[in-house]
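Student: Below is a structure I'd like to ask you about.
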């Protein structure tokens, strides 16, 4: 008996709604399927809500992969959920993400999990890097920025005006051969996401010139600082610390009590900064990638 994948299967979709696969199907699948606000067939719901592949063995649904197409060449996997009773069957199979996604570059990230490492390696994904998830209790944070340089200023992102500025600034701050550059449409799309928070995106300016950016987004039932950075020529001057302190001040002003941040495990400068600010270690996040690096 072989393991294979299907993009849509009506029988299994109906079984999901009956709760037959509750041991591994999560709310990210069940909730949209049960949405009755739109009169859609199950197949049309899949077309609208999901990019998903069912994993099937012996005419049984044993798992699924939920993903998104980032471009013609890049795939981001949002979720991999497998019935634990069939892990060994998958490890013995010829199942391959490279074949599933026509040799595109495939990414996935999740919390450290030794068992998952083995499964992802079998599917063709390898550990690319690791980052640390850290959290700060804002009740312990006290800060006043009034005594900082008169040359420094903060401005809030303005929708419909600052998309190109944010796009260009982030691309310059985070310039890296392995990173897909942003375009204006990415910034517009970001504002439409459930995690996006209006008035929580700020620019750092020096003598009126934008030199840094950072924002706060929703993170599960809490909040996270993301896209934080300053231009290379302004680093090492304490401006990154100033920028994150302004974001923390903004969060505390809005009665946010806890806030998270992610940092590359090898970024010692940022780690020291966040530790000094009081951020505590929560977990390790692993970033996986297949070996199709010629497209990056």
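The values are calculated or read from the model by the stated rules, or taken from the named source; none is laboratory data. Treat the numbers as computed from the prediction; the structure is a model and nothing was measured. Every residue, glycine among them, receives a Cβ derived from its backbone with ideal geometry; neighbour counts consider all protein chains shown.
Yes/no matrix, rows are residues, columns are (1) within 27 Å of residue 71 (Cβ to Cβ); (2) surrounded by 15 or more Cβ atoms within 10 Å (Cβ to Cβ):
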| position | (1), (2) |
| --- | --- |
| 173 | yes, yes |
| 185 | yes, no |
| 189 | yes, no |
| 202 | no, yes |
| 206 | no, yes |
| 218 | yes, no |
| 252 | no, yes |
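Student: What is the residue count in the range 139-177 for residues that are under 22 Å from residue 199 (Cβ atoms), in a loop (DSSP other than H, G, I, E, B) and touching a residue at least 24 places away in the same chain (Cβ under 8 Å)?
Tutor: 7
Student: To continue, here is another question. Might you let me know whether the range 125-134 holds any residue that is closer than 27 Å to residue 66 by Cα and free of Cβ contacts under 8 Å to residues at least 40 places away in the same chain? First the steps, then the outcome.
Tutor: So the first thing to find is which residues in the range 125-134 are closer than 27 Å to residue 66 by Cα, and the list is 125-134.
Cutting the leftovers down to free of Cβ contacts under 8 Å to residues at least 40 places away in the same chain gives us none.
No - not one qualifying residue is present in the range 125-134.
Student: Looking at the range 120-138 only, could you name the residues that are touching a strand residue (DSSP E or B) at 6+ places or on another chain (Cβ under 7 Å) and assigned to a helix (DSSP H, G or I)?
Tutor: Here is the first cut: in the range 120-138, the residues touching a strand residue (DSSP E or B) at 6+ places or on another chain (Cβ under 7 Å) are 120, 125-138.
Once the filter is applied, which keeps residues that are touching a strand residue (DSSP E or B) at 6+ places or on another chain (Cβ under 7 Å) and assigned to a helix (DSSP H, G or I), the range 120-138 yields 120, 138.
Student: Turning to a different aspect of this structure: Touching a strand residue (DSSP E or B) at 6+ places or on another chain (Cβ under 8 Å), at pLDDT 95 or above and within 24 Å of residue 249 (Cβ to Cβ): does that describe residue 152? Don't jump to the end; show me each part of the working.
Tutor: Working: touching a strand residue (DSSP E or B) at 6+ places or on another chain (Cβ under 8 Å): yes; at pLDDT 95 or above: no; within 24 Å of residue 249 (Cβ to Cβ): yes.
Considered against the rule, which asks whether it is touching a strand residue (DSSP E or B) at 6+ places or on another chain (Cβ under 8 Å), at pLDDT 95 or above and within 24 Å of residue 249 (Cβ to Cβ), residue 152 comes out as no.
Student: Can you find a residue that is touching a helix residue (DSSP H, G or I) at 6+ places or on another chain (Cβ under 8 Å) and part of a strand (DSSP E or B) anywhere in the range 107-116?
Tutor: First pass over the range 107-116, keeping only residues touching a helix residue (DSSP H, G or I) at 6+ places or on another chain (Cβ under 8 Å): 108, 110, 115.
Next, from what is left, pick out any that are part of a strand (DSSP E or B): 108, 110.
Within the range 107-116, one or more residues are touching a helix residue (DSSP H, G or I) at 6+ places or on another chain (Cβ under 8 Å) and part of a strand (DSSP E or B).
Listed here are the residues, each with its yes/no results for (1) farther than 22 Å from residue 132 by Cβ; (2) modelled with pLDDT of 95 or more.
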{"site": "233", "(1), (2)": "yes, yes"}
{"site": "239", "(1), (2)": "yes, no"}
{"site": "247", "(1), (2)": "no, yes"}
{"site": "261", "(1), (2)": "no, yes"}
{"site": "274", "(1), (2)": "no, yes"}
{"site": "282", "(1), (2)": "no, yes"}
{"site": "290", "(1), (2)": "yes, no"}
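Listed here are the residues, each with its yes/no results for (1) assigned to a loop (DSSP other than H, G, I, E, B); (2) surrounded by 14 or more Cβ atoms within 10 Å (Cβ to Cβ); (3) at pLDDT below 85.
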| position | (1), (2), (3) |
| --- | --- |
| 44 | no, no, yes |
| 55 | no, yes, no |
| 68 | no, no, no |
| 72 | yes, no, yes |
| 76 | no, yes, no |
| 80 | no, yes, no |
| 85 | no, no, no |
